[in-house]
Every structure is written in structure tokens, then in C-alpha cells.
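None of the figures in this text is laboratory data; all of them are computed from the coordinates on show. Values in this document were obtained by computation on a predicted structure and should not be read as measured data. Here the Cβ positions follow ideal geometry from the backbone for every residue, glycine too, while neighbour counts run over all protein chains shown.
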Amino acid sequence: MKKSNTEKKLIEGAGVRKGVDYLNGLKDDREIWLHGERVKDVTEHDGLKRSAETLAGFMDKQTDPEYQDKVTFELNEKRIATSFLVAKSKDDVIKRGEAFYEWAKWSNGMFGRTPDYKNASITAFYGGAELLEEGGKEFANNMRNYYHYAATNDKILTHSLLNPTVNFELSKQGKSDKDVSLKVVKENDAGIFVSGARLLATLGPQADEVEVFPSTLLNRQKGSDLEYAFAFVAPVASPGLRMICRDTYDHAKSHYDAPLSSRYEEMDAVVIFKNVFVPWERVFIYREPDLCNRAFAQNNAVTQMMHQVVCGKLAKAEFIVGLLCAMAKASGKDKDMAIKGLIAEAMFMTETLRSLRFYAEQNAHKDEYGTYIPLRRPLDTSRNLFPKMYPRLIELVQILGSSSLMATPSERDLTNEIADDVSQYFQLQNLQSKERIALFRLAHDLSVSGFGGRQTLYERYFFGPPNVMHSIYFDLYNKDEMIERVDNLLNEA
Ligand SMILES: Cc1cc2nc3c(=O)[nH]c(=O)nc-3n(C[C@H](O)[C@H](O)[C@H](O)COP(=O)(O)OP(=O)(O)OC[C@H]3O[C@@H](n4cnc5c(N)ncnc54)[C@H](O)[C@@H]3O)c2cc1C
């Protein structure tokens, strides 16, 4: 076994990339399976290409003078995404928050896996690389080198943190399934070989690399199942790496007909590894179950990622408030007290997220590795609340939209032989038919379509199983003083 790797094999790039370079990078040998066929070229596939193009457009904004200073910073004379900034002050934390929020506004939060999400995790692992020295100095150095590689090449990462659940009782005990879970099957001087499956790579087919890190939720047992305890990053195009996708929700409709799914269809895929080779320089934890359990929390990657998440969810909730207001105004319902009350509920949620973000950023503090991080508790509160808020936000869109969500003829009906009917019978007090249909097609795409259903599932689960996260929150909550007050009252003579 040769784990040491003093040689720097990951070559640094020139800084932020142009969208066209990202798209060209997807034209590799990646093995993506969708609708029963192997995808020849992600950038040409009807179900995948438009979201990649959307992302390419976002990448171009990084060099647009209007956004550049907000979403990038200078590191060693290169322009780097702000999400890679290792915060050395409260102002840096706020700057990171502004960049997260800016990225999220570009898709109004519909694109969950913009690159800043995983950049936040890599940056935290870099800032706290010292922790990885527990497994050997070379692993910490690998992480430091990988950070510079990812940042200067502006890589887009997805992640697959979980083993598929085969037997719930066993997975609850932190045990892996030997036939299914991803494990190391061989190692040599150059690296490790892994086989098995991982869940669930959002944006996987449209990403450059897949972070295969240890979810803290796996609760591994000390000293056992060593071959399942690792952290590495592999290119999506690694030989033997296969992604098996769900159905696509981009049905090649126009932006008018499908305003969200025609733009933001980030695919989800189960990742299968068949003897995939991972060179040592891409390995960061190896045969360390205990370190796997602790890593995300101890180096504050979970907090840094929650910071990106609260900014994104704020942008999404704001957009839904805007949509509800536009829907109500269209028919004059916005003057009705009950309708106002309904929309105010969405406003309460939005303002809760804004306050939690503000509280977390204003209470930024130095962690044990010298990096400034936002306060965890408000962020943790938001990540536990939003999976409950989002289904209610969508319910509000359905309640307010009602049959208007079905009164949605297609763009072609505006010009074909039924166009006169469409023009006459689909108007509302404050909107002509064409604009009314466009508005309610948007509401439909968000709250009724396959794309919309997947968004709701995503918000429920993407950060982990809710009851497990609630239980972690309970454990971390500082409740002693509150309990003491109850005891004091009960003990009063
Ligand atoms: C749209 C979507 C996108 C996603 N994208 C990603 C991604 O990009 N990367 C990634 O790594 N993951 C991703 N996930 C996976 C996500 O992390 C998991 O769905 C989530 O952690 C739940 O795990 P599971 O799906 O295996 O469900 P299960 O673990 O089978 O959980 C199902 C139910 O059982 C409960 N449960 C689970 N464990 C326990 C326990 N120990 N005790 C009691 N109850 C329990 C859960 O709360 C849940 O209600 C995504 C999921 C979705 C739906």
C-alpha cells in the first residue's frame, strides 16, 4: 500500500470558465443511461442539454462586469468563484452569502445544484484540511491540492453521499450491504479501485466530477467495515462509472409552454461504480469510519453548505411570493382579505428564512481552523424548516391557482384555428389571455408538472432524511438552561 503522494498531479487552471468551455468538457466518454439508452452526448440530448446550457449561461455571468465582483474574487492573480473564498472575517462570510444568493436568483432557486453548493463543501474541507491529517498528512495535502485544482479549473461537482438502503434495520445500525454499497475492492501504489452503488447524484450527467464523501448520516461503526469508509472525488467520465437516470422532465417544450422545466431540469442519477480506479491524489479519507462520521460536521462543511442552502431557499421563497401575488392580481383577488392572508403565509416563511440567514451571518465566528463561518443554529433551523415550508408553499400555489392551473392551452393554440377562442375565453380582469396562460403555465410547471413534483421531493430530502436531521438538531440544541427553568419552577416551595 502506498498512500503517500507528495507529487502534485492535479493541474491548476486559469480561473473561472466560460460556459462554452464547460459544455465542451461534457463531450467526453461519460456513461449516462436515460430512457433505456446510453446518451451519446449530453450537450445534444433533448432531455439534458437545455439545463446544461442554462448552467453555461450562469458561468458566463462570472465574467460579466455586472456580476463579476459579486460572484468572483482574486486568488493568486486568478478570478475564482466566491464560493471558494476561505472566509477570514465576518465581511467575507457576508460576501459569500451575497454570491450564493446572486447565483440562486439566476434560477430563482430552481437549480438546486449550482456549483457553489459543492464548492462550499470543498472549501470547508480545505479550510479544515488539518482534520484529515488524522488519517495521514498526505490525505490533508491531497485535499489542499484538490481545492486549488477545483477552484482554478472552475469544476462543477455533484455528490453522492449515501449507500442505497437495502435493509433499513442494517442501514440504521451503520452497516453496509456487501452486494450493493460502494466499497474499496483493491488498492495498489497508484490508488484504489471501488465497486458498488451510491445515491443520488443531482446534476450528475451534467457535472464534471462526483464527490463521493461520507455522509454523517451513515453512522459507521468504529473499526468495522473499513472498506466502506472513504472520501474521494472522481471525474464523471472515469472508466467504469455509470449513471442511471430517472425520466427527464424536459419534454422539449418551448419556454412559454414549460418556463421552468425547459430551463432548469437538473437530472438525478444513481451512480454505479464497476472497479473504478481512483488515484491516491484524489483520496482524502481512507479506512477511517470514525473520521467519516465526524468529517462533515467537524470541519463545518455542513454549516458552509447550509449557508449556501438558506440563500438559495430564500431566493426560491421570494419567487413564489412574487408568483402568488401575480396570480392574485390577475383576477383582482389581491383585494380580498382571505387571499391576502393566504399569501401572507408565504411571506412569513420568506421572512423567517431571511432572518435566519441574517442572524447566522451577523454572528459569524472563527472556527478551530481559523476560518470564519456563519452561526450554525439558525442555518440548521432553516434546513430543518424548509422541507416543511416548501410543500406548503406549493399547496398555496395550488389553492390559489385552482382550475386556472388546468386552463392552460399551449403556445401553438395562440396562433392556430382555435386562437380566437383562446384569445377570448382565457382572459382575466387584469391579464390578456396570452399573458394569463403564460403565468398559469409557470404556476403549473412549479406545482403540478413532473418537474414540480420532483422539486417538492428534492426539497423534502436533498439534505438528508428529515427525522434523522431533526434528531441531530435536538441533540445539538442547548436546552439545559431551559430545562433548569422548568425544574426551578417545580422546585419552588
Ligand atoms: C430529488 C432528490 C435529489 C437528491 N440529490 C442528492 C444528491 O445530489 N446527492 C446525495 O448524496 N443525495 C441526494 N439525495 C438523496 C437524499 O440525501 C436522500 O433521499 C435522503 O437522505 C433520504 O435517504 P433515502 O432516500 O435513502 O431514504 P431512506 O433512508 O430510505 O428514508 C426514507 C424514510 O425513512 C426515514 N429514515 C431514514 N433513516 C432513518 C433512521 N436512521 N431512523 C429513522 N428513520 C429513518 C427518513 O426520514 C425517510 O422519511 C436526493 C434525493 C432526492 C429525492
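List of remarks:
- Theoretical ellipticity at 222 nm over the chain - DSSP helices of four or more residues, -39500 (n - 2.57) apiece, nearest 500: -14500 deg cm²/dmol
- Positive-pole candidate from GLY127, GLY25, SER402, dipole of the chain, charges at beta carbon: GLY127
- Evaluated with a Cβ-only charge set (Lys, Arg +1; Asp, Glu -1), the chain carries a dipole of roughly 320 debye about its Cα centre, given to the nearest 20.
- Projecting the Cα atoms of GLY312, ASN467, LEU446 onto the dipole axis of the chain, where Lys and Arg carry +1 and Asp and Glu carry -1 at the beta carbon, places ASN467 farthest toward the positive end.
- For the range 301-478, the calculated P(r) over all alpha carbon pairs, in 5 Å bins from 0 to the bin holding the longest distance, is 1, 8, 15, 16, 15, 12, 10, 8, 6, 4, 3, 1, 1, 0 percent.
- Considering only Cα atoms, the convex hull volume of the range 138-276 works out to 141 Å³ per residue.
- The calculated P(r) of the chain, using every Cα pair and 20 Å bins from 0, goes 22, 54, 21, 3, 0 in percent.
- Tilt relative to the chain, helix 301-330 - C-alpha long axis, 0 to 90 degrees, to 10: 0 degrees
- Per residue, the average separation of C-alpha pairs within less than 8 Å and at least 6 apart gives the chain a relative contact order of 17 percent.
- FRET efficiency for the pair THR165 and ASP28, taken as 1/(1 + (r/R0)^6) with r the Cβ-Cβ distance and R0 = 41 Å, rounds to 0.85.
- Listed cross-link partners LYS95/LYS137; LYS175/LYS313; LYS137/LYS175; LYS9/LYS274; LYS175/LYS222 are compared with a 22 Å cut-off, the Cα-Cα value being larger for LYS95/LYS137; LYS175/LYS313; LYS137/LYS175; LYS9/LYS274.
- Overall Cα dimensions of the range 36-149, principal axis frame, Å, largest first: 46, 38, 26
- Taking packing as the residue-averaged number of other Cβ atoms within 10 angstrom, the listed peptides 454-467, 419-432, 379-392 run from highest to lowest as 379-392, 454-467, 419-432.
- Simple label model, 7 Å out from Cα along Cβ direction - ALA14 to ASP189, nm: 3.6 nm
- 3J(HN,Hα) couplings calculated from phi for the range 377-391 with the Karplus curve 6.51 cos²θ - 1.76 cosθ + 1.60 (θ = phi - 60°) are, in sequence order, 4, x, 6, 5, 4, 5, 6, 8, 7, 4, x, 8, 5, 4, x Hz; Gly and Pro show x.
- Global geometry of the range 82-178, whether rounded, prolate or oblate, following the gyration tensor of its Cα atoms and the 1.5 cut on a/c: oblate
- With neighbours defined as other Cβ atoms within 10 Å of a residue's Cβ, the residues THR43, THR54 order from fewest to most as THR43, THR54.
- In percent, rounded to a whole number, the relative contact order of the range 301-478 is 24, using alpha-carbon pairs under 8 Å and six or more apart.
- R0 of 30 Å, Cβ-Cβ distance ASP420-ALA338: FRET efficiency to nearest 0.05: 0.30
- What separates the Cα centres of the range 464-479 and the range 244-261 is a distance of 35 Å.
- Cut-off under 5 Å, modelled amide H: who pairs with ILE418 long-range: none
- Farthest positive-ward along the range 44-117 dipole, Cα basis, beta-carbon charges - from GLY97, PRO115, PHE58: GLY97
- Set of aspartates and glutamates near LYS479 by C-alpha distance (under 14 Å), chain-local residues within fewer than 8 positions excluded: ASP487
- About the Cα centre, charge dipole magnitude for the range 302-407 (Lys/Arg +1, Asp/Glu -1 at Cβ), debye: 100 debye
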